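The structure appears right after this line, and notes come after that.
The values are calculated or read from the model by the stated rules, or taken from the named source; none is laboratory data. This is a predicted model, so every value here is computed, not measured. With ideal geometry, Cβ positions are generated from the backbone for all residues, glycine too; neighbour counts draw on all protein chains shown. Just the protein is used for accessible areas: all its heavy atoms, side chains included, with ligands, DNA and RNA removed. Shrake-Rupley method; radii C 1.70, N 1.55, O 1.52, S 1.80 Å.
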Amino acid sequence: MGYNLRMLLRLFKTKPNFDFMGKRWIGFSVSLALTALSIGLVMTEGLNLGIDFTGGVLMEVRTEQVADLSVLRDTLNGQGFGEVSLQDFGDAHNIIIRIQTLAGTDQAAVVAKVRELLATRVQGGIDFRKIDYVGPTVGRELVQDGIMAVLIAFGVIMCYVWFRFEWQYGMGAILALLHDSIMVIGFFAVTRFEFGLTATAAVLTIVGYSINDSVVIYDRIRENMRKYKKMSVSNLLNLSINDTISRTVLTASTVLLASLALALFGGEVIHGFSWAMVFGVVIGTYSSIYISAPTLIYLNIRGHAADDATTPALSTKH
């Protein structure tokens with residue numbers, strides 16, 4: 001029974017023999033190009049910052065009758081407010097209204113004006129379930145706190161990997177996590193999804209997923225280094241990744257399906273977070289294979305120079 005279950009969960013009938021290290025320069029080139037593109041987009045186009053970071057008013061409203069969001073959006077945009085965002089959640093009776101405000105704006109007056117406008121545009125009763133105020137000063141503090149949270153996560157992860165393995169593994173992990181974080185931020189720059197505290201949570205979640213995948217591969221690399229002391233580093237990395245590829249793909253597929261379900265059916269409130277998770281799972285899996293692992297070739301993990309890039313692929317027999 002146990003054997004049959006293991007065979008059922010095995011992705012490949014026979015042990016795979018992919019030459020990942022032979023293609024590492026293709027992976028490096030793609031990553032470098034996408035990283036440069038992401039940084040360029042963030043610098044030129046910027047991010048669609050939410051009120052968490054810019055300051056503003058967030059209102060959750062339930063209407064007795066279905067309201068036309070396009071009409072309400074046009075009405076609120078013509079009142080001299082900052083950027084206005086409306087979306088429904090749960091059903092068409094529940095509306096989230098986000099209004100960005102500048103420094104010195106009387107946010108209470110903004111809320112009073114919105115109440116007045118909704119009363120004239122929406123038929124039936126209106127229930128203001130939640131009203132949150134975020135001042136520009138608080139927004140700047142949240143930006144600083146978000147950056148600090150990411151940096152602390154990076155530092156703790158590097159120390160953990162360094163302590164558990166060696167400093168070379170810690171450097172490889174941090175390079176992969178930097179790659180993943182920049183890719184996800186670039187994703188928000190391209191899609192124009194709102195970038196707020198939820199987006200920061202998405203970045204940290206993807207970082208956690210990616211490092212977990214890298215640690216699994218690193219653990220197998222360390223184990224194989226003890227077993228195959230004379231094997232070249234490229235072949236040893238290929239062997240380790242092939243040993244864990246079934247687990248990597250199956251885990252990624254499971255998380256990807258869950259994230260995709262949230263993206264498709266989770267509603268507008270977590271729309272950006274869900275799609276960022278879908279993108280991040282793919283990028284995190286890719287980086288654990290083509291960034292964190294091949295970087296070890298150039299960090300002298302065996303105390304000698306990196307082996308030749310043209311090292312032939314492994315045989316599946318050992």
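Using a 1.4 Å probe on the protein heavy atoms only, what accessible surface does residue 68 show? Give it in Å² to the nearest 10.
Here the residue's solvent-accessible area equals roughly 80 Å².
Report P(r) for region 32-132: all Cα-Cα distances, bin width 5 Å, range 0 to the bin holding the largest distance, values in whole percent.
2, 11, 22, 21, 15, 9, 7, 6, 4, 2, 0, 0
Order the peptides 252-259, 221-228 from the highest to the lowest mean number of other Cβ atoms within 10 Å of their residues.
Most protected by this proxy first, the peptides run 252-259, 221-228.
Whole number please: convex hull volume per residue, Cα atoms of region 19-63, in Å³.
Given the Cα convex hull of region 19-63, per-residue volume reads 147 Å³.
Please list the non-local residues whose amide H lies under 5 Å from the amide H of residue 195, H modeled 1.01 Å from N, same-chain partners needing a gap of 5 or more.
Those lying under 5 Å, H to H, from residue 195 are 48, 49, 50.
May I ask you to list the aspartates and glutamates whose Cα is less than 12 Å away from that of residue 15, ignoring any residue fewer than eight positions away on the same chain?
243
State log₁₀ I(q)/I(0) for region 98-238 at q = 0.16, 0.19 Å⁻¹ as given by the Debye formula over alpha-carbon point scatterers of equal weight, solvent excluded.
-0.95, -1.13
For region 30-64, which GluC sites (Glu not before Pro) are in a loop by DSSP, counting at most 16 other Cβ atoms within 10 Å?
Within region 30-64, the qualifying GluC sites (Glu not before Pro) (loop, at most 16 other Cβ atoms within 10 Å) are 45, 64.
Mind checking Rg over Rh on region 184-251, alpha carbons, Kirkwood formula for Rh?
Taking Rg over the Kirkwood Rh, I get 1.19.
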